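Just so it is clear, none of the values below were taken in a lab; they were calculated from the coordinates. Predicted model only: the values in this text are computed from it and were never measured. Using ideal geometry, Cβ is built from the backbone for each residue, glycine included, and neighbour counts are taken over all protein chains shown.
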Ligand SMILES: *Cc1c(COP(=O)(O)O)cnc(C)c1O
């Protein structure tokens, strides 16, 4: 009887701490430091891998390998590209894949900068349709589409769509599918295994988790499509700095620890909110009675760190945010320090005035729940 090698099918934590690391070399560090280079020594014919700093960088190479291992651990043929931000990554897919006359299907309540990209594409003659994430409503507007854009769970509404079902429908129509995997992270959901052509994300949020780095990535399995994405990165130059790429790689080692604690905290906060009469519309895919729970359970392995809910008025929501002591009033989400904001202050999302997007950090669960309950009692007094 031969025992299976412990490295043949490692768990999430094991993969996260080792993702993308080079083979050990005597006297070399485990994770080589950032390579700061605008150009590389390049006598003779200009052949790769490292030619010019806008096109390639060894620090990106390791990070891209790491993200690829987390997004698609069972697929060798995927390619990963890192970008300066999530929007740079999203735009790279949209603008490299779509031409005048093509049809794009967006979620109607996705990340609030996505509609701006849609408007820009519309001005270039792309037909842009949108439909809600919940209920797989994007299926109804899919005929003739070239690219289907999914965001699940959606931000900030936390609706979930059935990625497998939508990918099958898209494939039958010759339509590509991209999934914004920002909220779930690759430890929460692996879109390529569910049938998507691209997993796209902002690494600014939980992937890096410390609120100090902007980053984005695209993982794809179609070589020609990824070549176009790579070409777009070269044209636009939306590249991450080596320091940001290295910090991001360093942060991946704790992704499983953070994601586990943060999803425990998010569920505890959601449950505490459910018991408070003035709170309405609590959404968290991990809550057994949440409308997203059934499909989320089929395709997600962790339910993320974001909880959304509403307080009766804008003033009440502001009092709540003001009374929190362990939770920073800040935008973005996914960091080790809890944050919350009144989402309506931006004007971009169709949400009530008292709508709060809450991002659970890595604090002790009891402390965080106590802080939330205290702030609720102050706000609704
Ligand atoms: C933040 C976010 C983005 C954009 O990422 P940046 O790194 O801020 O450019 C895209 N999609 C989702 C779902 C996000 O939350």
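Assorted remarks:
- Euclidean distance of C-alpha centroids, region 86-136 and region 299-320, integer Å: 26
- In plain terms, the residue of 294, 26, 146, 205 with the fewest other Cβ atoms within 10 Å comes first and the most crowded comes last, giving 26, 294, 146, 205.
- As a proxy for reagent exposure, ranking 232, 60 by other Cβ atoms within 10 Å from fewest up yields 232, 60.
- Fully extended contour minus Cα-Cα distance, from residue 297 to residue 122, at 0.36 nm per residue: 59.4 nm
- Of 44, 211, 354, the one that fluctuates the most in a GNM where the chain has Cα springs shorter than 10 Å: 44
- Inter-site label distance for residue 236 and residue 221 at 7 Å from Cα along Cβ, in nm: 2.5
- Relative to the current alpha-carbon distance between residue 274 and residue 140, full extension at 0.36 nm per residue lengthens the span by 44.9 nm.
- Stretching the chain fully between residue 51 and residue 99 yields a gain of 14.3 nm (0.36 nm per residue, less the alpha carbon separation).
- Cα Rg over Rh - region 282-327, Kirkwood: 1.12
- Where labels lie 7 Å past Cα in the beta-carbon direction, separation of residue 39 and residue 26 in nm: 3.7
- Here each label is just a point 7 Å from Cα along the line to Cβ, and for residue 330 and residue 314 those points are 2.5 nm apart.
- Taking every alpha-carbon pair under 8 Å whose residues sit at least 6 apart, region 12-252 reaches a relative contact order of 24 percent.
- Residue-averaged 222 nm ellipticity for the chain, from DSSP H runs of 4+ at -39500 (n - 2.57), nearest 500: -10500 deg cm²/dmol
- According to the Kirkwood relation over distinct C-alpha pairs, the hydrodynamic radius of the chain is 21.5 Å.
- Between the Cα long axis of helix 223-236 and the first principal axis of the chain there is an angle of about 80°, rounded to the nearest 10.
- Global form of region 154-288, assessed from the alpha-carbon gyration tensor, a/c cut-off 1.5: oblate
- Over region 209-332, the hull volume per residue, using the convex hull of the C-alpha atoms, is 172 Å³.
- The relative contact order of region 204-268 comes to 48 percent, based on Cα pairs under 8 Å that sit 6 or more residues apart.
- Relative protection proxy for 365-374, 280-289, 193-202, 248-257, from highest mean packing down: 193-202, 248-257, 280-289, 365-374 (other beta-carbon atoms within 10 angstrom).
- Scaling against 2.2 N^0.38 Å puts the C-alpha radius of gyration of region 299-381 at 1.06.
- With neighbours defined as other Cβ atoms within 10 Å of a residue's Cβ, the residues 85, 359, 297 order from fewest to most as 297, 85, 359.
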